[in-house]
Amino acid sequence: MRTDLTESHDRAWAAIAAPGTWLEGARRVAVAAEIRRARECAYCAEIKAALSPYAVKGKHHTTGRLSEAEVELIHRVVNDPGRLTESWSQSVLARGLSEGEYVEIVGLVAMVMMLDTFSHALGAPPRALPEPQPGEPTRYRPSGAKKKAAWLPLVEPQDAVPADGPMYPSPKAGYIYRGLSLVPQSLRDYWALAFHHYLPAELVYRFDQSIRAISRPQTEVLAARVSALHQCAY
Amino acid sequence: MLRESMRTGGKEIDLRGVTQGFEEGTEIPHVAALVEFAEAVVARDAARTARAREALRGKLGEAGLVDAAATVAAFHGFVRIADAIGIPYTTAARGEDAPEVRERAGVNDFYRVRTSTTSTPADRT
């Protein structure tokens with residue numbers, strides 16, 4: 001196993017357990033637990049099988065530690081991400097979740113799904129959830145965040161300020177980089193993990209180079225097939 | 001990205017394979033085993049994943065298997081950010097739209113595209 005990969009996992013779990021920008025450490029670990037519970041949710045399985053995902057009525061199988069809005073966000077993003085809609089995202093916010101909380105939770109879903117899927121793919125048990133770390137969230141909202149290109153506000157590279165901390169590998173960073181930018185720390189935590197799983201930013205468009213044990217076309221065929229199976233249009 | 005990575009090596013690939021399966025003769029070594037591994041993991045089918053993993057290990061070795069698993073796992077994260085934040089799919093090709101690629105790959109049949117009224121970020125201002 002690459003040591004950079006295992007070390008990135010250690011850092012990711014530590015980040016998940018630490019206080020975030022809008023969520024305390026205990027709530028972040030509760031989100032991780034809910035992500036795992038969501039994978040066994042019978043209601044989500046019904047939704048996934050339905051032609052009309054928003055017509056199915058029922059209740060999520062939940063740990064009971066989070067609000068209804070948080071549970072709905074986590075379960076839908078875990079189980080049927082390709083059929084989310086802007087009106088659905090707005091309905092989740094209307095149930096009492098702030099935009100910052102929404103984005104921070106999405107970042108946690110993305111990290112935990114990556115970590116747990118890696119374990120599953122290699123036949124290893126999922127790692128035990130970490131102990132939450134004490135402390136207060138920073139409650140930092142970037143001054144340049146605007147709702148324009150996506151369903152949630154983003155910080156475009158030209159609108160980033162030093163107080164946001166480092167976010168983008170280049171001023172031309174694609175929208176996938178900008179997705180979590182309303183919560184810069186979530187963006188940094190996510191990409192600190194993703195670069196070790198996929199490719200470092202500086203190599204993403206260097207198709208003539210591969211630092212992995214599989215070729216670049218092999219990497220991209222996996223990426224394309226997984227994205228297609230999720231019905232991800234991006 | 002798949003198309004570009006192939007072109008760098010002077011090769012082409014039929015993008016319909018992304019949604020319809022790849023034909024024999026695709027110039028990516030062990031493509032069938034790779035795709036079977038990806039599909040098994042996405043399906044969260046432990047027994048199927050175990051079989052696909054052993055097949056892939058036999059073809060790629062341990063380091064190759066780990067990097068295949070890391071890639072498959074990575075895209076379980078990327079897709080969720082893209083779809084939960086609603087970033088514009090019309091910028092997926094290095095900031096540009098590539099409707100011919102979407103059409104060829106079958107992406108235009110995806111729920112998000114079929115139900116979307118969005119065309120470009122500029123339209124949303």
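Just name the residue that is nearest to B:GLY106 (Cα to Cα) out of those in region B:1-16 that are more than 8 Å from chain A (Cβ to nearest Cβ) and without any contact (Cβ under 8 Å) to a residue 12 or more places away in the chain.
Per the criteria, the residue is B:GLU12.
Would you please name the residue that is surrounded by the fewest Cβ atoms within 10 Å (Cβ to Cβ), looking only at residues in region B:64-105 that are of a type in the set (Ser, Thr, Tyr) and either more than 7 Å from every other protein chain (Cβ to nearest Cβ) or under 15 Å from A:GLY174 (Cβ atoms) (or both)?
B:THR91
Name the helices (runs of 4 or more DSSP H) wholly inside region A:120-234 in which the number of residues that are acidic (Asp, Glu) and in contact (Cβ under 8 Å) with a residue 40 or more places away in the chain is 2 or more.
The helices (runs of 4 or more DSSP H) meeting that bar number zero.
Considering each of B:ASP45, B:ASP83, B:ASP97, B:ASP67 in turn, give the residue that is in contact (Cβ under 8 Å) with a residue 24 or more places away in the chain and of a type in the set (Asp, Glu).
After ruling out the rest, the residue left standing is B:ASP83.
For region B:3-27, name all the residues that are part of a loop (DSSP other than H, G, I, E, B) and within 23 Å of B:ALA92 (Cα to Cα).
If the condition is that a residue be part of a loop (DSSP other than H, G, I, E, B) and within 23 Å of B:ALA92 (Cα to Cα), then B:GLY9, B:GLY10, B:LYS11, B:GLU12, B:ILE13, B:ASP14, B:LEU15, B:ARG16, B:GLY21, B:PHE22 are the ones that fit.
With respect to A:ALA50, is the statement that it is more than 23 Å from A:PRO125 (Cβ to Cβ) and in contact (Cβ under 8 Å) with a residue 24 or more places away in the chain true?
The answer is no for A:ALA50.
Please specify each residue of region A:199-234 satisfying the condition of being at the interface with chain B (Cβ under 7 Å from one of its Cβ atoms), in contact with a Phe, Trp or Tyr (Cβ under 7 Å, 6 or more places away or on another chain) and more than 21 Å from B:GLY64 (Cβ to Cβ).
A:GLN231, A:ALA233, A:TYR234 - these are the residues of region A:199-234 that are at the interface with chain B (Cβ under 7 Å from one of its Cβ atoms), in contact with a Phe, Trp or Tyr (Cβ under 7 Å, 6 or more places away or on another chain) and more than 21 Å from B:GLY64 (Cβ to Cβ).
Based on this model, can you work out whether B:GLY25 counts as more than 7 Å from every other protein chain (Cβ to nearest Cβ), at positive phi and at pLDDT 80 or above?
no
Got a sec? Which of A:SER91, A:SER170, A:SER98 is small (Gly, Ala, Ser), closer than 22 Å to A:CYS232 by Cβ and more than 10 Å from chain B (Cβ to nearest Cβ)?
Answer to the check: A:SER91.
In region A:76-119, how many are without any contact (Cβ under 8 Å) to a residue 40 or more places away in the chain and assigned to a helix (DSSP H, G or I)?
10
The values are calculated or read from the model by the stated rules, or taken from the named source; none is laboratory data. Note that the structure is a prediction, hence the values are computed from the model and not measured. Heads up, the Cβs are rebuilt from the backbone with ideal geometry, glycines too, and the neighbour counts pull from every protein chain shown.
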